[in-house]
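Peer 1: I have a structure I would like to understand better, so I am pasting it below and will then ask my questions one at a time.
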Amino acid sequence: MTSRRLALAALAFLVPSASWATGEIEGLITKADRERLSNYETTRAEALKEAREGGSAEEIAILDKVVDARQQSWSGFDMTGDWQCRTIKTGGFAKLIVYGWFKCRVTDDGSGWTLTKLTGSQKTKGRFFTDSDFRQTYLGTFAVNDDPFPTYGKGPETDQVGYAFLMSPTSWRIEFPAPYYESKLDILEFRR
């Protein structure tokens, strides 16, 4: 093998996720997740309607504060670091559930932001891709308790997709349309 081929092979081994660095998710996103995003607006509207019809006044106030927050530009914002995070489940079986706060961390490995939910029984880990100045796309995987995170693309039970919106310099959220379990729209809210 020539030295050039060896160098290319070594580079491919060292950077298996080179497509992350380009922001191109077309070769990564599954057909099921592409479909979830294409139905995002309809799914979101149905879930929020059910949540507002079936939730308690206190939980509806929390939901409204989160989803009605004015979206801000991601330009210049650095989400790296430790965050408090909580899940809000809307629509479906329970209509509206607001969970307590847990710990999340966002890191940047040079090819983009990676989120890991560190505590709580339901966890996520994944990466962000720029969709527009006001929206990031998140591809991740779901794990329970101490189970290891599966590789993205394993199937709809563990694959996650969502849109992230910046709400203020100290808060943002990810909206997951049509999650596999329990609800129609999961919202993961972050604060510092």
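Peer 1: By the gyration tensor of its Cα atoms, with a ≥ b ≥ c the square roots of the eigenvalues, what is the shape of the chain: rounded for a/c under 1.5, prolate for a/b over b/c, or oblate?
Peer 2: Taking the square roots of the gyration eigenvalues as a ≥ b ≥ c, the chain is prolate.
Peer 1: Right, another one. Report the FRET efficiency, 1/(1 + (r/R0)^6), for Leu118 and Lys65, where r is their Cβ-Cβ distance and R0 is 22 Å, rounded to 0.05.
Peer 2: Using R0 = 22 Å, I get an efficiency of 0.35.
Peer 1: What nm value, rounded to one decimal, do you get for the distance between Asn39 and Arg105 when each label is placed 7 Å out toward the C-beta?
Peer 2: A separation of 3.6 nm, rounded to one decimal place.
Peer 1: Ignoring any ligand, DNA or RNA, what whole percent of the accessible area of the chain comes from carbon and sulfur when the probe is 1.4 angstrom?
Peer 2: 54 percent
Peer 1: Treating the beta-carbon of each Lys and Arg as +1 and of each Asp and Glu as -1, no other charges, what is the dipole magnitude of the chain about its Cα centre, to the nearest 20 debye?
Peer 2: Roughly 340 debye for the chain.
Peer 1: I've got another one for you. Just by accessible area at a 1.4 angstrom probe, what is the order of Trp101, Trp113 from largest to smallest?
Peer 2: Of Trp101, Trp113, the descending order of accessible area is Trp101, Trp113.
Peer 1: Same structure again: Go ahead and set up a Gaussian network model of the chain, Cα springs under 10 Å, then flag whichever of Leu139, Leu28, Leu96 fluctuates most.
Peer 2: Leu28
Peer 1: Pull out the extension gain between Lys154 and Ala57, defined as 0.36 nm times the separation in residues minus the alpha carbon to alpha carbon distance; nm, one decimal.
Peer 2: Full extension of this stretch gives 31.1 nm more.
Peer 1: Using θ = phi - 60° and the Karplus form 6.51 cos²θ - 1.76 cosθ + 1.60, what ³J(HN,Hα) does each residue of segment 143-152 get, whole Hz, x for Gly and Pro?
Peer 2: Couplings: 9, 10, 6, 9, 4, x, 6, x, 6, 4 Hz.
Peer 1: Stick to the Cα atoms of segment 73-169, pair each with every other, and give me the Kirkwood hydrodynamic radius in Å at one decimal.
Peer 2: In segment 73-169 this quantity evaluates to 14.4 Å.
Peer 1: Solvent-accessible area per residue for the chain at a 1.4 Å probe radius, Å²?
Peer 2: Solvent-accessible surface per residue comes out at 54 Å².
The values are calculated or read from the model by the stated rules, or taken from the named source; none is laboratory data. Everything quoted here is computed from the prediction, not taken from an experiment. So basically every Cβ, Gly included, is an ideal-geometry build from the backbone, and we count neighbours across all protein chains shown. Calculation scope for accessible area: heavy atoms of the full protein, side chains included, ligands and nucleic acids excluded. Shrake-Rupley method; radii C 1.70, N 1.55, O 1.52, S 1.80 Å.
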